[in-house]
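Please read the structure below before turning to the comments.
Derivation of every value follows stated rules applied to the coordinates shown; laboratory data play no part. Keep in mind the model is a prediction, meaning the values are calculated, not measured. Cβ placement follows ideal geometry from the backbone for every residue including glycine, while neighbour counts extend to all protein chains displayed.
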Amino acid sequence: MNRQETKYNKLIGRIDKNYYFLDEIFKYDENFQGATGSVMNPLTEAEYNKRVENYFEIEHMREFWSQAVEANKTDLGLDDWIELVKNTDREEGVIDRSYATTYGKQLKELLGEDKVFEVECSGGGRCFYKDMKWDELFNENLWQKIKQVENKKS
């Protein structure tokens, strides 16, 4: 049997600061079916800036710089190398933007532009369990469909 899938890209629920989106429900046969999703976290501008600032602290970057020196990828000193990374990569190592374009708009509409400066992906794949305890459930109908195909416990 070929893989059958239905794409949804819909918000299901929230646990703490984690917003769970249903990407798709798939089925290969009766014994292998499930739901895949993405777990997204909204960041305010202040949270985002603090994360970036902390990421580029010398003690955090020292190991990365050492690895670059050992691999002959740089001959810069630590401070100069950190500035180079800040200016070229900026947030790439700090925030996982997977699915941010897919789900960021939905979170901004739900929470407001002031609460969602950036959207970070913190997980995904087979992330749903039938006994999940939602702080907020946004789509009861899709949650019931997920539970029908995901019968594993957390």
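Structure notes:
- Full-extension gain in nm, Asp29 to Glu63, via 0.36 nm per residue minus C-alpha separation: 7.5 nm
- For a straight C-alpha distance cut-off of 14 angstrom, the aspartates and glutamates reachable from Lys145 (same-chain residues fewer than eight places away being disregarded) are Glu5, Asp23, Glu24, Asp131.
- Expected 222 nm ellipticity per residue - DSSP helices of 4 or more, -39500 (n - 2.57), all of the chain, to 500: -11500 deg cm²/dmol
- For segment 99-154, the set of chymotrypsin sites (Phe, Trp or Tyr not before Pro) satisfying both a DSSP loop assignment and a count of at most 13 other C-beta atoms within 10 Å is given as Trp134.
- The angle between the Cα long axis of helix 100-111 and the main principal axis of the chain comes to about 70°, on a 0 to 90 degree scale.
- In the chain the longest region clear of GluC sites (Glu not before Pro) that are loop-assigned by DSSP and have at most 11 other C-beta atoms within 10 Å covers 93-154.
- Remark: segment 82-87, residue by residue, has Karplus-estimated 3J(HN,Hα) of 4, 5, 4, 4, 4, 7 Hz, where x stands for each Gly or Pro and the curve is 6.51 cos²θ - 1.76 cosθ + 1.60 at θ = phi - 60°.
- Considering only Tyr48, Gly34, Leu11, and ranking their Cα positions along the charge dipole of segment 11-154 that arises from unit charges at the beta-carbon of Lys, Arg, Asp and Glu, the one farthest toward the positive end is Gly34.
- Segment 44-62 residues near the modelled Leu78 label - backbone nitrogen below 20 Å, point 7 Å along Cα→Cβ: 52-62
- Shape of segment 22-76, Cα gyration tensor, a/c cut at 1.5: oblate
- Restriction of the trypsin sites (Lys or Arg not before Pro) in segment 63-121 to DSSP coil positions whose beta-carbon has at most 12 other beta-carbons within 10 angstrom yields Lys73.
- This ranking places Tyr48, Tyr19 by how few other beta-carbon atoms lie within 10 Å of each, fewest first, which gives Tyr48, Tyr19.
- Identified option (computed Kirkwood radius over Cα pairs in Å; candidates (1) 15.2; (2) 17.8; (3) 16.3): (2)
- Net charge dipole size for segment 62-154 [Lys, Arg +1 and Asp, Glu -1 on Cβ; Debye, nearest 20]: 840
- Cβ-Cβ FRET estimate between Asn2 and Ser98, R0 fixed at 25 Å, reported to 0.05: 0.40
- Put a plus charge on the Cβ of each Lys and Arg, a minus charge on the Cβ of each Asp and Glu, and nothing anywhere else: the dipole of segment 1-128 about its Cα centre is then about 740 debye.
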